[in-house]
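**Student:** This is the structure, below, for whatever I ask next.
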Amino acid sequence: MNAADEQAQEQANVRCRSCRAYARVTDNYCMDCGFPLRGTPEEQRDFIEIRRGHEMEMDLLRSKIVAARNTLFVLGGFFLVYGLMTPAFKRADENTAAILVSNLSVALMFVLLGVWASTKPVASIVSGMVLYLLLQLINFLASPSAIFHGIILKIIIASFLVKGLRSAWTAEKLRKQYQL
Amino acid sequence: METVDTTASTAPICTHCQQSISPTAKYCHHCGVLQVAVPDIEEALQHQERLIILGVFFAIQLGICLFSNFGHYQRGLWPILLADLALSVFTLVFAAYFRKELRPLFSWKHFSVAKALSYASTAIIAAIVVNYLVKWLNKSIFDTESYYYYAFSQLKYAKIVTLLSVALQPAIFEELAFRGVLQQGLLKVTDSRQAIFISAFMFALLHMSFVSFFWLLPFALWLGYVRMKEETIWYGVLIHFCFNSTACFFEFFQLNLF
């Protein structure tokens, strides 16, 4: 902590009504959230209402990010189960170990991305979407008709991921803009 | 857009009322103006346009890699050479589009031989370890042995062509594509950690091997980190070249080509 901060903390003897950060009585605005500490009651009320609105919007966005994160975990679980079931359904010409290792690798990727989505949702959801898209494209090239298998489920998964990405992007912008 | 220089030894100044403020202040305590740079509408539109261009760039790369790996032609001399050529041409086109932003990355200003040697030796050691592991995995789990060299073995200068196609071309053009175009493009719209991760993830995925992914991702993260730290792509090109050429020499030794 530098000298200016130490001095500010020493002089901090009031708390912001909006974010509860410490402030000095001489401050016009809170340094953490911009609350008008010496504004009129109407100004203060309007500020709190607007901020509450942003926080509610953030909560809604967070719920969509959580849904996308859960989708990544579900995909990880699906590939894990599919990989483990391989020995039971494999064709005679298929290499069980290769299919098992590939599916477990994909499962691990989705799970790790899901874990990381809690701190860096944009990067992890983008990566998860690209991975999912790539898997669909590979399936399509291997067997074009396979694209229609479980098409409704595929659309649901894609929509959760797209909504999650858009929400993560908007949440990042809101967080920057209003320092939430 | 103005930002507050929090690294200066003197107290920073508010971007709006010009009064001194605390270095940790998000808002000015005099006028209440936010001190963190926030993109305005015009910038937000530019970001959107940039993301679309980067998306198209990645989609083209993905399409070429899918075609050369899973297309009906499968892997062979001409598909590989055509894919290399297409990847190089498209990378150059997009690099030309972002040329103003990429220009500082081609700087040699702070190039250090000692640093280059240490990066190169680390890359060679990493390549030896990875190649042993990959060959072992391919043999014991996948029951296959694949060699880049076989794609070019019928040519007169097969070893040289293998080195050009496997070591030199990817070192230059993959670095330009992923640490140049993609990472630099993403840095404008997101923070450096996410930009490094996304470009590294895309790089690892484009190699189309879900097992190799687990060594390609750390390798690409390292390349992304080096490019951020050194502010040039040349160390990355060197690392990539040393890594891939070690893999080629590893094969040449295994196939008793010396």
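The values are calculated or read from the model by the stated rules, or taken from the named source; none is laboratory data. Quantities reported herein were computed from a predicted structural model and do not represent experimental measurements. We place every Cβ from the backbone using ideal geometry, glycine too, and count neighbours over all the protein chains shown.
**Student:** Looking at segment B:149-156, can you tell me whether even one residue there is of a type in the set (Phe, Trp, Tyr) and farther than 30 Å from A:LEU104 by Cα?
**Tutor:** Yes, because at least one residue in segment B:149-156 is of a type in the set (Phe, Trp, Tyr) and farther than 30 Å from A:LEU104 by Cα.
Residue-by-condition table, conditions (1) over 26 Å from B:PHE98 (Cβ atoms); (2) at pLDDT 95 or above; (3) in contact with a His (Cβ under 9 Å, 6 or more places away or on another chain):
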| site | (1), (2), (3) |
| --- | --- |
| B:PHE178 | no, yes, no |
| B:LYS188 | no, no, yes |
| B:SER192 | no, no, no |
| B:PHE214 | yes, no, no |
| B:TRP222 | no, yes, no |
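**Student:** Among the residues of segment B:86-124, what is the count of those that are within 22 Å of B:LEU216 (Cα to Cα), of a type outside the set (Gly, Ala, Ser) and surrounded by 12 or more Cβ atoms within 10 Å (Cβ to Cβ)?
**Tutor:** 5
**Student:** Still on this structure, please answer the following. Just for helices (runs of 4 or more DSSP H) wholly inside segment B:129-196: which have at least 1 residues that are touching a Ser or Thr at 6+ places or on another chain (Cβ under 7 Å)?
**Tutor:** B:169-174, B:183-187
**Student:** Now a separate question. Given (1) surrounded by fewer than 18 Cβ atoms within 10 Å (Cβ to Cβ); (2) more than 9 Å from chain B (Cβ to nearest Cβ), identify the lone condition not met by A:LEU133.
**Tutor:** (2)
**Student:** Say we look at segment B:182-234 and pick out the residues that are charged (D, E, K, R) and surrounded by fewer than 23 Cβ atoms within 10 Å (Cβ to Cβ); which of these is nearest to A:SER102 (Cα to Cα)? Reasoning before the result, please.
**Tutor:** Of all residues in segment B:182-234, those charged (D, E, K, R) come to B:188, B:191, B:193, B:227, B:229-231.
Checking the rest, the ones that are also surrounded by fewer than 23 Cβ atoms within 10 Å (Cβ to Cβ) come to B:188, B:191, B:193, B:229-231.
Working: B:LYS188: 35, B:ASP191: 31, B:ARG193: 27, B:LYS229: 34, B:GLU230: 35, B:GLU231: 36 Å.
The residue in question is B:ARG193.
A quick yes/no check of all residues on (1) β-branched (Val, Ile, Thr); (2) assigned to a helix (DSSP H, G or I):
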| site | (1), (2) |
| --- | --- |
| B:ALA83 | no, yes |
| B:VAL93 | yes, yes |
| B:LEU102 | no, yes |
| B:LEU105 | no, yes |
| B:TRP108 | no, no |
| B:PHE111 | no, no |
| B:TYR119 | no, yes |
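**Student:** Right, another one. So in segment B:51-74, with the set limited to residues that are surrounded by fewer than 16 Cβ atoms within 10 Å (Cβ to Cβ) and modelled with pLDDT of 85 or more, which one is farthest from B:THR15 (Cα to Cα)?
**Tutor:** My answer is B:GLY63.
**Student:** A further question follows. Restricting to segment A:136-180, what's the tally of residues that are touching a residue at least 24 places away in the same chain (Cβ under 8 Å), surrounded by fewer than 15 Cβ atoms within 10 Å (Cβ to Cβ) and either more than 14 Å from A:ALA68 (Cα to Cα) or of a type in the set (Lys, Arg) (or both)?
**Tutor:** Qualifying residue count for the region: 2.
**Student:** Residues that are under 30 Å from B:HIS47 (Cβ atoms), in contact (Cβ under 8 Å) with a residue 12 or more places away in the chain, surrounded by 12 or more Cβ atoms within 10 Å (Cβ to Cβ) and not hydrophobic (A, V, I, L, M, F, W, C): does segment B:144-165 have at least one?
**Tutor:** Step one: list which residues in segment B:144-165 are under 30 Å from B:HIS47 (Cβ atoms), which gives none.
The answer is no, given that none of the residues of segment B:144-165 is under 30 Å from B:HIS47 (Cβ atoms), in contact (Cβ under 8 Å) with a residue 12 or more places away in the chain, surrounded by 12 or more Cβ atoms within 10 Å (Cβ to Cβ) and not hydrophobic (A, V, I, L, M, F, W, C).
**Student:** I'd like the residue in segment B:29-50 that is within 30 Å of A:TYR22 (Cα to Cα) and at pLDDT 80 or above and, out of all such residues, is surrounded by the fewest Cβ atoms within 10 Å (Cβ to Cβ).
**Tutor:** B:VAL33
**Student:** Next question. Would you please name the residue that is farthest from A:LYS176 (Cα to Cα), looking only at residues in segment A:23-58 that are free of Cβ contacts under 8 Å to residues at least 40 places away in the same chain and in contact with a helix residue (DSSP H, G or I) (Cβ under 7 Å, 6 or more places away or on another chain)?
**Tutor:** Step one: filter segment A:23-58 for residues free of Cβ contacts under 8 Å to residues at least 40 places away in the same chain, giving A:23-31, A:35-50, A:52-53, A:56.
Restricting the remaining residues to those that are in contact with a helix residue (DSSP H, G or I) (Cβ under 7 Å, 6 or more places away or on another chain) gives A:24, A:35-36.
Details: A:ARG24: 24, A:PHE35: 16, A:PRO36: 19 Å.
In this case the residue turns out to be A:ARG24.
**Student:** Now a separate question. Within segment A:48-84, which residues are more than 11 Å from A:LYS163 (Cα to Cα) and small (Gly, Ala, Ser)?
**Tutor:** A:GLY53, A:GLY76, A:GLY77, A:GLY83 - these are the residues of segment A:48-84 that are more than 11 Å from A:LYS163 (Cα to Cα) and small (Gly, Ala, Ser).
**Student:** Could you list, in sequence order, the residues of segment A:114-130 that are within 16 Å of B:LEU205 (Cβ to Cβ), within 9 Å of the chain's Cα centre (by Cα) and at the interface with chain B (Cβ under 10 Å from one of its Cβ atoms)? Give the steps one after another, and end with the answer.
**Tutor:** In the first step, residues of segment A:114-130 are kept if they are within 16 Å of B:LEU205 (Cβ to Cβ); the result is A:116, A:123-130.
Now drop any that are not within 9 Å of the chain's Cα centre (by Cα), which leaves A:116, A:123-125.
Hits for segment A:114-130 are A:TRP116, A:ALA123, A:SER124.
**Student:** Does A:LEU174 satisfy the criteria of being in contact with a Gly (Cβ under 6 Å, 6 or more places away or on another chain) and more than 8 Å from every other protein chain (Cβ to nearest Cβ)? First the steps, then the outcome.
**Tutor:** Details: in contact with a Gly (Cβ under 6 Å, 6 or more places away or on another chain): no; more than 8 Å from every other protein chain (Cβ to nearest Cβ): yes.
So A:LEU174 does not fit the description; no.
**Student:** Restricting segment B:197-246 to residues that are in a loop (DSSP other than H, G, I, E, B) and not aliphatic (A, V, I, L, M), which is nearest to the other protein chains (Cβ to nearest Cβ)?
**Tutor:** Narrowing segment B:197-246 to residues in a loop (DSSP other than H, G, I, E, B): B:207-212, B:231-233.
Then keep just the ones that are not aliphatic (A, V, I, L, M); that gives B:207, B:209-210, B:212, B:231-232.
Working: B:HIS207: 11, B:SER209: 9, B:PHE210: 4, B:SER212: 9, B:GLU231: 21, B:THR232: 24 Å.
The selected residue is B:PHE210.
**Student:** Please list, ordered by first then second residue, the pairs with beta carbon atoms under 9 Å, 6 or more apart or interchain, first in segment A:79-101 and modelled with pLDDT under 75, second part of a loop (DSSP other than H, G, I, E, B) and surrounded by 12 or more Cβ atoms within 10 Å (Cβ to Cβ).
**Tutor:** A:ASN95/B:ILE141; A:ASN95/B:PHE142
**Student:** Could I ask something else about it? So for segment B:82-98 (the condition being of a type in the set (Phe, Trp, Tyr), in contact with a Phe, Trp or Tyr (Cβ under 6 Å, 6 or more places away or on another chain), away from chain A (no Cβ under 14 Å) and within 22 Å of B:SER165 (Cα to Cα)), does at least one residue qualify?
**Tutor:** First, pick out the residues of segment B:82-98 that are of a type in the set (Phe, Trp, Tyr): B:90, B:94, B:97-98.
Going one step further and asking which of them are in contact with a Phe, Trp or Tyr (Cβ under 6 Å, 6 or more places away or on another chain), we end up with B:94.
Filter once more, so that each one left must be away from chain A (no Cβ under 14 Å): B:94.
Right, trim to within 22 Å of B:SER165 (Cα to Cα) and you get B:94.
Within segment B:82-98 (the criterion being of a type in the set (Phe, Trp, Tyr), in contact with a Phe, Trp or Tyr (Cβ under 6 Å, 6 or more places away or on another chain), away from chain A (no Cβ under 14 Å) and within 22 Å of B:SER165 (Cα to Cα)), the answer is yes, since at least one residue qualifies.
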